[in-house]
Amino acid sequence: MTTSSHPAPPAWAEGVATVAIRARSRAELEQLSRERGLGFDDRELGRLRTYFRRERREPTDVELAGLAQSWSEHCSYKSSRPFVRKAFSTLRPADRVLGTGDAGVLRFEGGFAYALRIESHNHPSAVEPYGGAATGIGGILRDVLAVGAKPIALTDPLFFGPLDLPEDRLPSGTKSPRYLASGIIAGIRDYGNRVGVPTVSGGIYFDPAYVVNPLVNVGCVGFLPRRRLRPNRARAVGDRLLLVGGLTGRDGIGGVAFASQELTDRSESESRGAVQLGNPIVKEPLIHACLESFDRGLVQGLKDLGGGGIASAAGELVHAGGFGSRIDLARVPLRETGLRPWEVWVSESQERMLLDVRPRDVAAVLEIFRRFDVPATDIGEVTGPPFESIEWNGAPAARLRVAFRVDPPVRHRPTRTRHRARRPAPDLGAEEVGRLVEDLVLAPDSVSREPVIRVYDHEVQGRTVVKPLHGRVASPSHGDAAIVQPRAESRRGLAITTATQPWACREDARRGATWVVEEAARNLYAVGARPDAFTNCLNFGNPEDPAVLGDLAAVTQGLADGARGLGFAVPSGNVSLYNGGLGHEIPPTPVLLATGIVETIDHATTADLKAPGDALYLLGASDPNLGGSLWARRRSTEGFALPPCDPSGLRGLGEGLLRALGSNAVVAAHDVSDGGLAVTLAEMAFGGNLGFEVDLAATGLTSPGLALAAEGASRLVVEVPEDRAAEFRRAIGRRPLARLGAVTESGGALSWGPRSLATLDLDALYARWRTGLGLP
């Protein structure tokens, strides 16, 4: 016999309304969901009606609002969970991974650990670029703080439509890519700089597919003594729930429902209120107050308040511990008057955390937050399962089974594998070498990101020992990864990089995803780091399209393939769906924030050339296939096969490179990726203000054009002093290796065997490359 939670409907609190659903038809329920912006699908509406018929009452508006948040795609991962679990559940080795909550936590050394997490703020940034991006940074900082870590580094991979897109070609209701890019970069700059966390890695990518829906992915790395690690679950019945941080307002209401649907030409007018308002000036003392409370052992568990507000945070916190809760929303400190109970419950106002504190420790926690001038309020308690009881001035506002609200069933949707053409690579024999280099080096996806990197503070906290820009002060160029020194007492470093390749994933989702993992690993090896972990943000279109969900399934498997072959742990991740709209579909866009361990920062290296006369070597085997390459994108050409992937082979090559770096046999390294050898050689020369002479026939490919443009397979270019060449070769062993040429004083001399092809004016090319972006 089923026992109802309310034998008779209670007298609900003033300001709480009931919503009749039990007698409504499916069509009427769908209309109700649309009118209230709840986002329930047909199956969920049926589940709701069944639940409340069994309870013999109607739901309150507080209950419906909370259910809408928790059942949204953004919060529940109901479409992606099966694929994510299948791919990554075995990639969390217990000897390395200490936690998998709001952020993944990895061992670093001794009694210390680091945390990492990446997520998206795509939809809010499309509607309000400055605020959307700024609060994206705020949210990722809280994720890392929520496991007990101090944020020490930020990353920001960004995707836009072409900056020169004419306004008459913009879909209705869409903002220009240049306006979006400028606002998003400014939001990241202002929040990150003001809160005092360096932005050390990222990327800016352009494609017409991102015109309607730009992608704003933000990552964070934190550091902590292992004793400070905190769980994202409640501890015990009777513990108090303290809401700390910013005040609660109407901003961000319905944010997760907005992020769980495609953009339309009405999103600007209908959903601007779903974008939160950030306040980094509150966040900075909030971080300090939380860290002091953690260090004193006063906090037993916690959650950050992001999507879904108090409703999501409180529900997930107690459900993870197997408890229930009692919360009085009237105690929540408000930024404005007149908020209704359901608005307080789901508001996504920023800079807030929910702490589980033992009753005897409440006064001490409140005193810490008072000293930092950060609001802190006791709003309720942990209770026995299975119900959450929400009140308003002591009168009931909601009462639901916690598991029913916060753990909706998986949505099993159909998948379909896309079948794409696989054309062989053209020979490129007719390409004029000088023009080809210029085309690739000066492409929007290649030109210097220095103007953007310079507006971010990458030096704050004093930990960044290898900067985002490599090379001389007067001629900075791109590097592969940054390195931070988490502890001044130790020479061990942590390398941080990002990687993505949506164009390869568009051609072949599984192999393209493995390619992304290989790129992340090459970036780490290039600075002297051994790959350790990555966290992923999986950006996709509408999961109701079987082909999109098929791509998602394939990408997760491809990422797992790469992780296993290269030894990456995968302790955390994020999925962002419904990106696109108005006839625009984004390609599968997995983005990685990857980390590597640098045994001693004294052996770290950078990409810039160091000395004339040194030899240049190509590590790895070349492959002619051009699928997903910059060359193909510049010609709007698709359908080429991808180069093969070999994660285990790259791991062996990388270990050889680490041995060579450890013996000082390599003084510069740069991976070959977007733009092929043309961009790699140019960036190395730009950073060192030096030149090169290179025989392109050494690649083993069939033409100079192909040698310059091909991006596969996994390869790096390294600089080796002539007197260390034998030692270098011993370190690399039998891995594929070819001598390309040498470093020179200036100019870029390209040949094909004995035949001279071109001598590039690198000074003139650098001047155009350095100023080619046109942002911020």
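FYI, it's all coordinate maths here, none of it is from the lab. What you see is a predicted model, and the numbers here were worked out from it, not measured in a lab. With ideal geometry, Cβ positions are generated from the backbone for all residues, glycine too; neighbour counts draw on all protein chains shown.
When the helix-only estimate is applied to the chain (DSSP H runs of n ≥ 4, each -39,500 (n - 2.57), divided by the residue count), what is the mean residue ellipticity at 222 nm, nearest 500 deg cm²/dmol?
Numbers: 26 runs with 263 residues, N = 776.
Result for the chain: -10000 deg cm²/dmol, rounded to the nearest 500.
Under 27 Å Cα to Cα from K610, which lysines show up? Leave out anything in the same chain fewer than 8 places away.
Those lysines meeting the cut-off are K467.
Net charge around V433, counting only other residues with Cβ within less than 12 Å of its Cβ (Lys, Arg = +1; Asp, Glu = -1)?
The answer is -2.
Excluding G66 itself, what net charge comes from residues whose Cβ is under 14 Å from its Cβ, given Lys and Arg +1 and Asp and Glu -1?
For residues surrounding G66, the net value is -4.
Classify region 333-474 as rounded, prolate or oblate from the Cα gyration tensor: take a ≥ b ≥ c as the square roots of its eigenvalues, call it rounded if a/c is under 1.5, otherwise prolate when a/b beats b/c and oblate if not. Kindly include the intermediate steps, with their values, before the conclusion.
Working: a/c = 3.57, a/b = 1.77, b/c = 2.02.
Oblate shape, in that a/c is at least 1.5 and b/c is the bigger or equal ratio.
Over region 451-565, what is the relative contact order in percent, taking alpha-carbon pairs closer than 8 angstrom and at least six residues apart?
20
Suppose a student asked you for the relative contact order of the chain, using Cα pairs under 8 Å spaced at least 6 residues apart; what percent would you report?
So the answer I get is 15 percent.
Does anything in region 277-293 have its amide N under 18 Å from the 7 Å Cα→Cβ label point of R335, and if so which residues?
What the label zone holds, given the 18 Å backbone N cut-off, is 277-287.
What is the sum of charges around V452, taking Lys and Arg as +1, Asp and Glu as -1, for the other residues whose C-beta is under 12 Å from the C-beta of V452?
Computed value for this residue: +1.
Suppose a student asked you for the relative contact order of region 557-652, using Cα pairs under 8 Å spaced at least 6 residues apart; what percent would you report?
Over region 557-652, the number comes to 33 percent.
For region 478-490, take each phi angle, set θ = phi - 60°, evaluate the Karplus expression 6.51 cos²θ - 1.76 cosθ + 1.60, and give the result in whole Hz per residue in order, putting x for glycine and proline.
With the stated coefficients, region 478-490 comes to 6, x, 9, 7, 9, 10, 10, 10, x, 10, 5, 7, 10 Hz.
Checking the cross-link filter: which lysines have an alpha carbon closer than 29 Å to that of K78, excluding same-chain neighbours under 8 positions apart?
Filter leaves K86, K303.
Would you please state which residues of region 566-598 a label at D95 would reach in this model, taking the label point 7 Å out along Cα→Cβ and a backbone N cut-off of under 15 Å?
567-569, by backbone N distance to the label point.
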